[in-house]
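In what follows, a single structure is set out as structure tokens and then discussed.
A short reminder: the numbers here are calculations on the coordinates, not readings from a lab. On a predicted model such as this, the values are computed, not experimentally measured, just so you know. Here the Cβ positions follow ideal geometry from the backbone for every residue, glycine too, while neighbour counts run over all protein chains shown.
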Ligand code: AMP
């Protein structure tokens, strides 16, 4: 998608601190970290939000969750939070599907 920030990061038109990349997924550090470890995991195909996940593209969502577990282990996290914000009302500001992998500090529940 031409005007999508994360598509630009995928194409390396915008720099990012990449922690993992393969044909389907990219993981990079959030520019405004909310925890000692705050990594965004995105699919390389443009999916606007979790609302757009369906039976034809859901495999990639499973791969995002599996990659989060791998990265969390690599980062030696004791536990972590995985967040998908869906639409502005839930805090989504970039409309390209992404999981926030957050860890390295105690997290409260319920979230704000
Ligand atoms: P969300 O609010 O769920 O859409 O999350 C978007 C996230 O993208 C926010 O946590 C931002 O800090 C992060 N972000 C925005 N621009 C960049 C960037 N250029 N590189 C890395 N992370 C970014």
Item to check | The one condition in (1) part of a loop (DSSP other than H, G, I, E, B); (2) touching a residue at least 40 places away in the same chain (Cβ under 8 Å); (3) within 11 Å of the ligand (Cβ to nearest atom); (4) buried (at least 16 other Cβ atoms within 10 Å of the Cβ) that residue 77 fails to fulfil | outcome: (3)
Checklist entry - Hey, among the residues in the range 18-35 that are more than 10 Å from the ligand (Cβ to nearest atom) and touching a residue at least 40 places away in the same chain (Cβ under 8 Å), which one's farthest from residue 72 (Cα to Cα)? => result 25
Item to check | Criterion: touching a strand residue (DSSP E or B) at 6+ places or on another chain (Cβ under 8 Å), touching a residue at least 12 places away in the same chain (Cβ under 8 Å), assigned to a helix (DSSP H, G or I) and within 15 Å of the ligand (Cβ to nearest atom) - qualifying residue of 64, 42 | outcome: 64
Item to check | Members of the range 18-32 found to be outside any strand (DSSP E or B) and under 19 Å from residue 86 (Cα atoms), listed by number | outcome: 30, 32
Checklist outcome for this item: Residue hits (the range 83-110; more than 12 Å from the ligand (Cβ to nearest atom) and touching a residue at least 12 places away in the same chain (Cβ under 8 Å)) are 103, 104, 105, 107
Checklist outcome for this item: In the range 47-61, anything more than 14 Å from the ligand (Cβ to nearest atom) and surrounded by 15 or more Cβ atoms within 10 Å (Cβ to Cβ) is listed as 53, 60, 61
Checklist outcome for this item: Given the conditions (1) within 9 Å of the ligand (Cβ to nearest atom); (2) assigned to a loop (DSSP other than H, G, I, E, B), every one holds for residue 9 apart from (2)
